[in-house]
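S.K.: Before we start, here is the structure in question, set down as structure tokens.
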Amino acid sequence: MKLTSAEFRQWKNKRVTLLGMSGVGKTYLSSMLREHHWFHYSGDYRIGTRYLDEPILDLIKQQAMQTPFLRELLRKDWIYIRNNIKVSDLGPVLSFVGKLGNPEQGGVELNDFIYRQAQYRKAEIAAMYDVPEFISKAQDIYGYPHFVNDVGGSLCELDEPGVIDVLARHTLILYIQVTDQQEENKLIARAQSAPKPLYYRPDFLREQLAIYLKENNLQFAAQMNPDEFTRWVFPRLFHSRIPRYEKIAEQGYTVTSQEVAQVRDEKDFLQLLETAIAKSSK
């Protein structure tokens, strides 16, 4: 969606999709805007509560059934298990995605990992196609005038052009770019100090896995320490995503993570957007 500054100011029901790597400020902005009566649509929350809810529960139950005491309780329906996913805590989704590597060190075996990655991709695509419906729900059911779509950092990896077309048609896409080398180093260091499960497009994963195994004289992914592989691969993933983000941003607008860090309230956010729109029209 492309607008002039005047059109943006006059836009009664604003709808914005925030795009960028994890840690650049998407959820910070979304949480702040929620306090100013914006509907916060979290892609990962929708994935966990709608599209991966049953697979996550199946995985938990599979693990629980390996414990005799819990197995008996579950088989007799004396207990039940449910997800407790929150917008601010997406732990069950992250646990489902998992980290590739040695199962004895908390990793996921390669074939299972590839299967989970495919399920996550399918779920993220479905969650993004739900955005227009939730824009209507936000206004018609909940009475929110504005809408912010807080997407996962892996949106650029999906290779599903229809998703971007839908988001560009129904929302203003705002790409939060990391332009400062020090800030980039901080994001990478933060991700490496506490490695989180990640989504990788299949070609990238195959290529990087082959390099890692060769560099470390390993034959199989199951021999890898999952955290060590995640730390090693993250900088490569980070830089591979940049041109993909920039391509999507052609259908919207770009601001920097430094500019986002200066935003304190809705007024600041709207001014930031107006400035980005004005810059792009020059």
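Values in this text are rule-based calculations from the coordinates and carry no lab data. Keep in mind that this is a model prediction, so the values were computed, not measured.
S.K.: Strictly greater than 14 Å: what percent of every Cα pair in the range 141-182 meets that?
M.R.: Numbers: 535 of 861 pairs.
Pairs farther apart than 14 Å: 62 percent.
S.K.: Now, a different point. Rg/Rh for the range 73-222 to two decimals, with Rh computed the Kirkwood way over all alpha-carbon pairs.
M.R.: Details: Rg = 19.0 Å, Rh = 18.6 Å.
Checking Rg against Rh, the ratio lands at 1.02.
S.K.: Could you work out the percent of alpha carbon pairs in the chain separated by over 30 Å, rounded to a whole number?
M.R.: 35
S.K.: So which DSSP H runs in the chain come out at 27 Å plus along the axis (Cα) with average Kyte-Doolittle of at least -0.5? Provide the component values of the computation, followed by the final result.
M.R.: Numbers: long enough: 110-129 (29 Å, -0.48); 226-249 (32 Å, -0.70).
Helices passing the filter in the chain: 110-129.
S.K.: Looking at the calculated P(r) for the range 217-282, what percent of the C-alpha pair distances fall above 20 Å?
M.R.: Here the tail beyond 20 Å accounts for 54 percent of pairs.
S.K.: Taking the radius of gyration and the Kirkwood hydrodynamic radius from Cα positions alone, what is the Rg/Rh ratio for the range 12-65, to two decimal places? Could you put the intermediate results ahead of the total?
M.R.: Numbers: Rg = 15.5 Å, Rh = 13.5 Å.
Taking Rg over the Kirkwood Rh, I get 1.15.
S.K.: A follow-up question, please. Using Cα positions and a limit of under 26 Å, work out the lysines in reach of K99, with same-chain residues fewer than 8 apart set aside.
M.R.: Partners found: K26, K61, K86, K122, K186, K196, K214.
S.K.: Which value in deg cm²/dmol, rounded to the nearest 500, describes the helix-derived mean residue ellipticity at 222 nm for the chain, given -39,500 (n - 2.57) per DSSP H run of n ≥ 4 and division by the residue count?
M.R.: The helix-only estimate for the chain comes to -17000 deg cm²/dmol at 222 nm.
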